[in-house]
Structures are given as structure tokens and as C-alpha cells.
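The structure appears right after this line, and notes come after that.
The values are calculated or read from the model by the stated rules, or taken from the named source; none is laboratory data. Model, not experiment: these values are computed from the prediction. Cβ placement follows ideal geometry from the backbone for every residue including glycine, while neighbour counts extend to all protein chains displayed. Just the protein is used for accessible areas: all its heavy atoms, side chains included, with ligands, DNA and RNA removed. Shrake-Rupley method; radii C 1.70, N 1.55, O 1.52, S 1.80 Å.
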Amino acid sequence: FEQLDERAHCHLAALDIDERVRDDGETLVRQGEDADGFALGTRGFVEVRVRRRDASEDLLVVQRGSGQAVGAKSRLDGGARSATVRAAGADTVVAWASFRSLNEFLERRPRTGYRIIRNIAADLSVRLRRQGEEA
């Protein structure tokens with residue numbers, strides 16, 4: 001969302017956003033759940049963890065901080081949650097937006113919507129490239 005212009009940020013203010021405060025270790029979303037929205041970090045950090053079939057515990061994939069979105073991939077592919085996201089510290093704050101609200105926004109503001117979806121795709125691309133380099 002950082003790369004959007006001021007006008008787009010004004011439009012985003014119209015999204016139905018629910019601010020959620022989480023304590024250390026508290027779960028925001030669970031791997032395998034149906035996806036109904038995404039979070040944008042506003043304070044603190046969250047851990048993104050994946051449970052592998054052959055592992056007894058979750059693997060820490062990445063920490064995301066202020067200004068970074070989590071859960072947006074499900075908006076693109078319509079799939080279930082691919083990871084569990086937990087607060088990584090006391091008083092972690094995220095802005096939660098439902099996909100219903102986001103979809104309505106995208107219908108009303110297709111130009112801004114295009115930029116948002118492009119940014120989500122670019123972020124996912126960067127993450128995939130990093131995973132490939134680490135493999």
C-alpha cells in the first residue's frame with residue numbers, strides 16, 4: 001500500500017477496517033482455515049508459520065512488520081490459509097479488512113484496485129524468488 005498515491009490512500013480509508021490488538025503468541029489466522037480477509041501490520045510484528053506434513057511443529061517462515069500485509073494471497077487464488085499467523089510480541093496491532101469489503105472497494109475503484117492487486121502479486125513474486133534462492 002506504500003506505493004499508492006495520496007488519492008488512493010484516501011479511497012482506502014473508506015474500507016471497512018477493524019483494528020485488532022493481539023498479545024504475544026495469539027493467533028490471527030490458522031493454516032487450512034477458509035480465508036475471509038487479510039491483515040496489514042500497524043504496530044509490532046507477526047510470525048508466519050507453516051506446518052509441514054512430516055514435521056511435529058510449525059516452521060517459522062518469516063516475520064512481517066508494520067506496513068506489511070499478511071493473508072492477501074488467499075484473495076488472489078481463493079484458497080484456504082497456507083500458513084498460521086501469530087503475534088510476535090505484546091500489543092501487536094493489525095488492521096483487518098474483509099475480502100468482501102475489499103472486493104466492493106475494487107469494484108468501485110478499479111484503477112486503485114489494479115494497483116493494489118499488482119502490489120500484492122509483486123510482493124508474492126519477491127517472496128517466491130527468495131524461497132527459491134534459499135532452497
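So the values come out like this:
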{"quantity": "Mean Cβ count within 10 Å, highest first, over the residues of peptides 85-94, 104-113, 64-73", "calculated": "85-94, 64-73, 104-113"}
{"quantity": "Measure of compaction for the chain (Cα Rg per 2.2 N^0.38 Å)", "calculated": "1.06"}
{"quantity": "Largest to smallest principal axis extent of the C-alpha atoms in region 47-120, angstrom", "calculated": "45, 30, 19"}
{"quantity": "Sulfur and carbon atoms: percent of accessible area, region 20-64 [1.4 Å]", "calculated": "42 percent"}
